[in-house]
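Visitor: The structure follows.
The values are calculated or read from the model by the stated rules, or taken from the named source; none is laboratory data. Remember, predicted model here, so these are calculated numbers, not experimental data. No Cβ is skipped: glycine too gets one built from the backbone with ideal geometry, and neighbour counts run over all protein chains shown. SASA here: full protein model, heavy atoms, side chains in, ligands and nucleic acids out. Shrake-Rupley method; radii C 1.70, N 1.55, O 1.52, S 1.80 Å.
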Amino acid sequence: MELPRNPTREVIIGSVTIGAGHDIAVQSMTATKTHNIDATVGQVKALQEAGADLIRVAVDSKKDAEALVEISKQTGANLSVDLQENYKVAELIAPHVAKLRYNPGHLYHHEREKPWQEKVQYIANVAKENDCAIRVGVNCGSVDPEKLINYDSNDSISPMIESALEHCEFLDSIGFTRYCVSLKDSDPAKVIEVNQRFAAERNDIPLHLGVTEAGIPPDGVIKTRIAFEQLISKGIGDTVRVSLTVPNDRKNEEIEAGRQILSDIASGKVRSVVKFDLDSLNIISCPSCSRVENEAFVDLAMQVKEMTEYAKDYAITIAVMGCRVNGPGETDDADLGLWCAPNFVNLKKGEIALGAYPYDEILTHLKKELDQLIEEKKSEKVG
Ligand code: SF4
């Protein structure tokens, strides 16, 4: 089945080209500690064997940057680097990767007095000098605070679009066009809307699609499939990532799920009639990455899914996040949220912090809060 494709620009990302009708590239991200070179080389090789077109690695420090140079040497993989707060490491790693991803919502953390335009100009210069592409990666859990204040708190989509469009306009204005954009949310319906609205404004910009924190398979795959089917069938999307919460030795499942969804869409086997029942328990969990505060995170997410099974018929969202990068923001929108610190787990009810608990006690506290929430839901129904 010939799928429609938006007339996006061609963007070369090392050994793969996206946009302009090129095949939709499938990518993943390592979840090992980047400075653990052997573990990360192992995961990169496993993703290469699984057929990844591009592999992203988180780099937050000089130590990570030095490790990435070695990882690139040992694997020869088509790598992209994920820059969050510390964008200044870009020049250390750009010669060894094909793409630099920055998050507009995290640029303000360093050198707060410096305008974001100067920081993006720096990243663009480094990219140009090192034959790299760029991704402007907007994420619902960390939207530019200066954009959030312009909109009602119920409208999480418009500030994301405004932030992305502003960065596209700036990059175009400085003559840097070798970039793509991503607009990610953990709710498939919002991913569909935000990407459709962005594409309606800029159908020339290649889009990287993903449901962020989609969670544990099979739910994580189902949520992602719903969004991809609705977007790719309408010509929106040039590269994809399926964010799954899985143990490090199962990261290849992200590539397999991505390829399967694309081939099903291409052969017309779409299942979007299957509405992801948000009127029942919804577990949001991040796919983990080098920033994870404690290796116990993935097990914790699996235990939360198991322990909360008894509440499956209640329209309750529980978010489980691996660190403080997207943890605090993403858990704000959940009914109950857990975000990890090295030795304890923060428990929240919406935006309210309830406390920080050791890893071996957090499930007990979560269950207490969940039971109370269920009682509240029951009395709402009676009321
Ligand atoms: S929340 Fe933290 S650990 Fe999880 S994927 Fe995002 S940056 Fe990585």
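Visitor: Of all residues being outside any helix (DSSP H, G or I) and more than 16 Å from the ligand (Cβ to nearest atom) in the stretch 63-104, which is surrounded by the most Cβ atoms within 10 Å (Cβ to Cβ)? Just the residue, please. It would help to see each step written out before you state the result.
Guide: Within the stretch 63-104, the first condition is being outside any helix (DSSP H, G or I), and the residues that meet it are 76-86, 97-104.
Checking the rest, the ones that are also more than 16 Å from the ligand (Cβ to nearest atom) come to 76-79, 97-100.
On the way: Gly76: 11, Ala77: 22, Asn78: 21, Leu79: 22, Val97: 30, Ala98: 22, Lys99: 28, Leu100: 25.
Checked the stretch 63-104; the qualifying residue surrounded by the most Cβ atoms within 10 Å (Cβ to Cβ) is Val97.
Visitor: Please tell me if Glu166 is open to solvent by 40 Å² or more (accessible area, probe 1.4 Å) and touching a Lys or Arg at 6+ places or on another chain (Cβ under 9 Å). Talk me through it step by step, then tell me what you get.
Guide: Numbers: open to solvent by 40 Å² or more (accessible area, probe 1.4 Å): yes; touching a Lys or Arg at 6+ places or on another chain (Cβ under 9 Å): yes.
Judged against the criteria, Glu166 is a match.
Visitor: Which of the following residues is at pLDDT 95 or above, open to solvent by 30 Å² or more (accessible area, probe 1.4 Å) and charged (D, E, K, R): Lys368, Lys377?
Guide: Lys368 is the lone residue from the list that is at pLDDT 95 or above, open to solvent by 30 Å² or more (accessible area, probe 1.4 Å) and charged (D, E, K, R).
Visitor: Among (1) free of Cβ contacts under 8 Å to residues at least 24 places away in the same chain; (2) buried (at least 24 other Cβ atoms within 10 Å of the Cβ); (3) of a type outside the set (Val, Ile, Thr), there is one condition Gly175 misses while meeting the rest; what is its number?
Guide: Going through (1) free of Cβ contacts under 8 Å to residues at least 24 places away in the same chain; (2) buried (at least 24 other Cβ atoms within 10 Å of the Cβ); (3) of a type outside the set (Val, Ile, Thr) one by one, Gly175 breaks only (2).
Visitor: Sticking with this structure for a sec: Just for the stretch 105-137: of the residues that are basic (Lys, Arg) and surrounded by fewer than 15 Cβ atoms within 10 Å (Cβ to Cβ), which one is farthest from Phe170 (Cα to Cα)?
Guide: Across the stretch 105-137, the extreme among qualifying residues is Arg112.
Visitor: Somewhere in the stretch 218-239, is a residue among the aliphatic types (A, V, I, L, M) and within 16 Å of the ligand (Cβ to nearest atom)? First the steps, then the outcome.
Guide: Here is the first cut: in the stretch 218-239, the ones among the aliphatic types (A, V, I, L, M) are 221-222, 226-227, 231-232, 236.
If we keep only those that are within 16 Å of the ligand (Cβ to nearest atom) too, we end up with none.
No, the conditions are met nowhere in the stretch 218-239.
Visitor: Right, another one. Given the stretch 129-209, what strands (runs of 3 or more DSSP E) lie entirely inside it while holding 1 or more residues that are of a type outside the set (Phe, Trp, Tyr), modelled with pLDDT under 95 and touching a strand residue (DSSP E or B) at 6+ places or on another chain (Cβ under 8 Å)?
Guide: Numbers: elements: 133-139, 179-184, 207-209.
The qualifying strands (runs of 3 or more DSSP E) are 133-139.
Visitor: In the stretch 220-240, how many residues are charged (D, E, K, R) and open to solvent by less than 10 Å² (accessible area, probe 1.4 Å)?
Guide: Selection size over the stretch 220-240: 3.
Visitor: Could I ask something else about it? Condition first: outside any loop (DSSP other than H, G, I, E, B) and not aliphatic (A, V, I, L, M). Now tell me which residues in the stretch 1-37 satisfy that.
Guide: Within the stretch 1-37, Thr17, Gln27, Ser28 qualify.
Visitor: Return the only residue of Ala214, Ala257 being away from the ligand (no atom under 16 Å from the Cβ) and either assigned by TED's automatic domain parsing to the domain that holds Val16 or within 14 Å of the chain's Cα centre (by Cα) (or both).
Guide: None of the other options fit; the residue is Ala257.
Visitor: Shifting gears a bit: Which members of the stretch 243-266 meet the condition of being outside any helix (DSSP H, G or I) and among the hydrophobic types (A, V, I, L, M, F, W, C)?
Guide: Leu244, Val246
Visitor: Could you please find all residues in the stretch 243-252 being in contact with a strand residue (DSSP E or B) (Cβ under 7 Å, 6 or more places away or on another chain) and either open to solvent by 10 Å² or more (accessible area, probe 1.4 Å) or not basic (Lys, Arg) (or both)?
Guide: Residues satisfying the conditions are Ser243, Leu244, Thr245.
Visitor: Here's another thing I want to ask about it. Residues being among the polar types (S, T, N, Q), at pLDDT below 95 and open to solvent by less than 20 Å² (accessible area, probe 1.4 Å): count how many of those fall in the stretch 299-343.
Guide: Matching residues across the stretch 299-343 total 1.
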